[in-house]
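The structure under discussion appears below in the form of structure tokens.
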Amino acid sequence: VVMDVGQGDAILVQDGSHALLVDTGPDGAVVDALARLHVVHLDAVLLTHLHDDHYGGLDDLVGHVTCDEVLVARGVAQEMPDEVAKACDELAHGCVREVGCGDECVVGGFVARVVWPWTPVTGTVNEDSLELVVSYEEGGQSLSALLTGDAEREETSQVVAAGEVGDID
């Protein structure tokens, strides 16, 4: 579900009781969007990069949903602004996990595989955005999507040229 959170990103990947929130939008609108979908628990929140329109709603989630962990790109955990680190601590009890190319997050029948960045990053520029290939397959039905955060054409074209993406819906 691509959630309407104003000028920002928040995408919910959900299968049954399992849910991954990719980015949180700029503010508390994400809390209302999750409430409309009756989501009270998140397996993980994945922050594509450290721009406010992608992480700004993180602290608003505290007290409204429970969360097992926060995922960020390799190298980003030590670069997080204090308010982001504090929100991660309160939301996921400090469970921040860095992920890199090839790592997967399984959400029910969905698999979200990291395809960018290839090296550790700071997360402070668009080019550092985590890119994910999200796939689902069950009973002859399938879906594949590419979530790019704010990655630019240069980064995405490298991922596609390397054969990391394949056919997407």
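Details
- Close amide H contacts of Glu131 (hydrogens built in the peptide plane, cut-off under 5 Å, sequence separation of 5 or more or a different chain): Val115, Trp116.
- If R0 is taken as 25 Å, the Cβ-Cβ distance between His64 and Gln7 corresponds to a FRET efficiency of 0.75.
- In the set (i) 93; (ii) 308; (iii) 102, the label that goes with volume of the Cα convex hull per residue in Å³ computed for this structure is (iii).
- Accessible surface, per residue, of region 44-109 when the full set of protein chains is kept, probe 1.4 Å, Å²: 42
- By DSSP, the beta bridges lying fully in the chain are antiparallel in about 65 percent of cases.
- GNM result for the chain, Cα springs below 10 Å: residue of Leu34, Leu132, Leu47 fluctuating most strongly: Leu34
- The charge dipole of the chain, taken about the Cα centre with unit charges on the Cβ atoms of Lys, Arg (+1) and Asp, Glu (-1), comes to about 300 debye, rounded to the nearest 20.
- Cα gyration tensor shape of region 29-125, rounded if a/c is under 1.5, else prolate or oblate by comparing a/b with b/c: oblate
- Database remark: amide H of Leu42 closer than 5 angstrom to the amide H of Thr66, Cys67, Asp68 (H placed geometrically; neighbours at sequence offset of 5 or more, or on other chains; Pro and chain starts carry no H).
- Percent carbon-and-sulfur accessible area, region 18-80, ignoring ligands, DNA and RNA, probe 1.4 Å: 48
- Computed FRET value (nearest 0.05) for Ala162 with Arg97, which takes r as the C-beta separation and R₀ as 30 Å: 0.80
- The slack in the chain from Asp89 to Gln141, taken as 0.36 nm per residue of separation less the alpha-carbon distance, amounts to 14.9 nm.
- Charge tally in the Cβ shell below 13 Å around Val39, where Lys, Arg are +1 and Asp, Glu are -1, Val39 excluded: -2
- Given a 1.4 Å probe and the protein chains as shown, Cys67 ends up with an accessible area of around 10 Å².
The values are calculated or read from the model by the stated rules, or taken from the named source; none is laboratory data. Predicted model, so just to flag it, every value in this text is computed and none were measured. All Cβ positions, glycine included, derive from the backbone under ideal geometry; neighbour counts span all protein chains shown. For the accessible areas, the whole protein counts, side chains as well, though only heavy atoms, and no ligand, DNA or RNA atoms are used. Shrake-Rupley method; radii C 1.70, N 1.55, O 1.52, S 1.80 Å.
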